[in-house]
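The values are calculated or read from the model by the stated rules, or taken from the named source; none is laboratory data. Everything quoted here is computed from the prediction, not taken from an experiment. Every residue, glycine among them, receives a Cβ derived from its backbone with ideal geometry; neighbour counts consider all protein chains shown. Keep in mind that these areas ignore ligands, DNA and RNA; they rest on the heavy atoms of the full protein, side chains included. Shrake-Rupley method; radii C 1.70, N 1.55, O 1.52, S 1.80 Å.
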Amino acid sequence: MSHLQQVTVLGATGSIGLSTLDVIARHPERYQVFALSGFSRLAELEALCMIYRPRFAVVPQAQAADQLQATLRAAGLATQVLHGPEGLCQVAAHPDVNTVMAAIVGAAGLPPTLAAVEAGKKVLLANKEALVMSGALFMQAVKRSGAVLLPIDSEHNAIFQCLPGDYSLGLQQVGVRRILLTASGGPFREMPLEQLHTVTPEQACAHPNWSMGRKISVDSASMMNKGLELIEACWLFDATPAQIEVVVHPQSVIHSLVDYVDGSVLAQLGNPDMRTPITHALAWPERIDSGVAPLDLFAVARLDFQAPDEQRFPCLRLAREAAQAGGTAPAMLNAVNEVAVAAFLERRIRFPEIASMIEDVLHTEPALAVESLDAVLAADSRARDLAEQWLSRR
Ligand code: NAD
Ligand code: MG
């Protein structure tokens, strides 16, 4: 490769953001940090700015921006500090940027991720919520702008690696029978059902295989993460929900599989370390070192598979229903889930109530057609209001 790639990392202080910076630091001859964003951990963002010396940093508010600007200037850095959603969109779409890592968690990541797509960037998509919310519009924007969209979610990155280069012709045309989306089953896979209402946020966040942010950890425990990933896979690979089968695989070594009509099943395997999909997407179509240890199959020793238990994990069924309903249903599912997960993390509701809240709100509010981003954002905010009402009635 000839020139240095300029990379914006949205959500730099998070789990995916830090793993991305770890990979970038291994390849200074390839990648330069153009912009970093943070939201709550601003001391960490400041420390990252000192190391990576980006052209821009983005924080939530003007006051925090002034503070960080003063500190960085005193340290002799030329970094310019921006703030708010406009600042995020600016560094996502800046003409000097080649690659954008979309690693903000939740709906807040949608506007800057879409801005990167509309500007035709190479977009590394970790923020699955953005695609779940705005699916059709998002994919239309990718086609229109010529953006290169590469999945970071380990399962989708695995599927992408197992599909032929011309899969956009259609899954049937390239001989794919179905996609097998693997799931670890999370920390509560075997817990007696009657104990689920007593589990704590700490237990939910203690994932057996992956170290991740708190929201996605709770989503993994409820299997809403797999539900969101099912919807994500439908959009990324132009699949129907029926073409995707969820397979519980507790070891998290096979990251997903593609089943072809001739009986061949291709899988991507690796240690559960997000630096593998991050590095794959950053360097694609090349392959470079990620720092991840080689997979030791003798240490893994065995690979187990189970069908998902939808009684234990109703969120998976709710996500499948939202995928089938289409329109604004996935955006509403995502919004209510975000409110429910935050309430669970604040100990305001019990774990099984995450699913109850989603089910109650989705069953009272019909899905509408999605014609514009405004329609998506209106559905998101309406669903959040209904979820808050559900909380106050409780
Ligand atoms: P995290 O909580 O560790 O980090 C989230 C980042 O988003 C932080 O930098 C935070 O400052 C920023 N942020 C939070 N709220 C914000 C807001 N309102 N506005 C702007 N920035 C905000 O989360 P994570 O585990 O790194 O996950 C990030 C995304 O990647 C999520 O969408 C998640 O589903 C996806 N993902 C994560 C993993 C993983 O292994 N961690 C795997 C697959 C997909
Ligand atoms: Mg995943």
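Worth pointing out:
- Some residue of region 127-134 being outside any loop (DSSP other than H, G, I, E, B) and more than 12 Å from ligand 1 (Cβ to nearest atom): yes
- For region 218-262, filtered to residues that are small (Gly, Ala, Ser) and within 20 Å of Gln311 (Cα to Cα), the residue that is nearest to ligand 1 (Cβ to nearest atom) is Ser220.
- Test: residue in region 160-180 that is within 30 Å of Ala342 (Cβ to Cβ), within 16 Å of ligand 1 (Cβ to nearest atom) and assigned by TED's automatic domain parsing to the domain that holds Met223: no
- The criterion of at least 3 residues that are in contact (Cβ under 8 Å) with a residue 40 or more places away in the chain and either open to solvent by 10 Å² or more (accessible area, probe 1.4 Å) or aliphatic (A, V, I, L, M) (or both) is met, among strands (runs of 3 or more DSSP E) falling completely within region 1-111, by 5-10, 99-102.
- Residues of region 214-255 that turn out to be part of a loop (DSSP other than H, G, I, E, B), on the phi < 0 side of the Ramachandran plot and open to solvent by 30 Å² or more (accessible area, probe 1.4 Å), as a count: 2
- In region 20-37, the residues that are polar (S, T, N, Q), within 13 Å of ligand 1 (Cβ to nearest atom) and farther than 17 Å from Arg287 by Cα: Ser37
- Phe344 being among the aromatic types (Phe, Trp, Tyr), in the same structural domain as Arg214 (by TED's automatic domain parsing) and part of a helix (DSSP H, G or I): no
- Which numbered condition Ala204 fails, given (1) of a type outside the set (Val, Ile, Thr); (2) more than 15 Å from Cys162 (Cα to Cα); (3) surrounded by fewer than 18 Cβ atoms within 10 Å (Cβ to Cβ); (4) away from ligand 1 (no atom under 13 Å from the Cβ): (3)
- In this structure, Val123 does not qualify as modelled with pLDDT of 95 or more and within 16 Å of ligand 2 (Cβ to nearest atom).
- Residue count for region 150-189 under the criterion of being open to solvent by less than 40 Å² (accessible area, probe 1.4 Å), under 21 Å from His280 (Cα atoms) and within 16 Å of ligand 2 (Cβ to nearest atom): the result is 17.
- Verdict on Ser211 being within 16 Å of the chain's Cα centre (by Cα), part of a loop (DSSP other than H, G, I, E, B) and within 16 Å of ligand 1 (Cβ to nearest atom): yes
- Among the residues listed as Ala319, Ala325, Ala383, the single one being among the hydrophobic types (A, V, I, L, M, F, W, C) and open to solvent by 40 Å² or more (accessible area, probe 1.4 Å): Ala325
- The residue that is surrounded by the fewest Cβ atoms within 10 Å (Cβ to Cβ), counting only those in region 280-304 that are in a helix (DSSP H, G or I) and more than 25 Å from the chain's Cα centre (by Cα), is Phe298.
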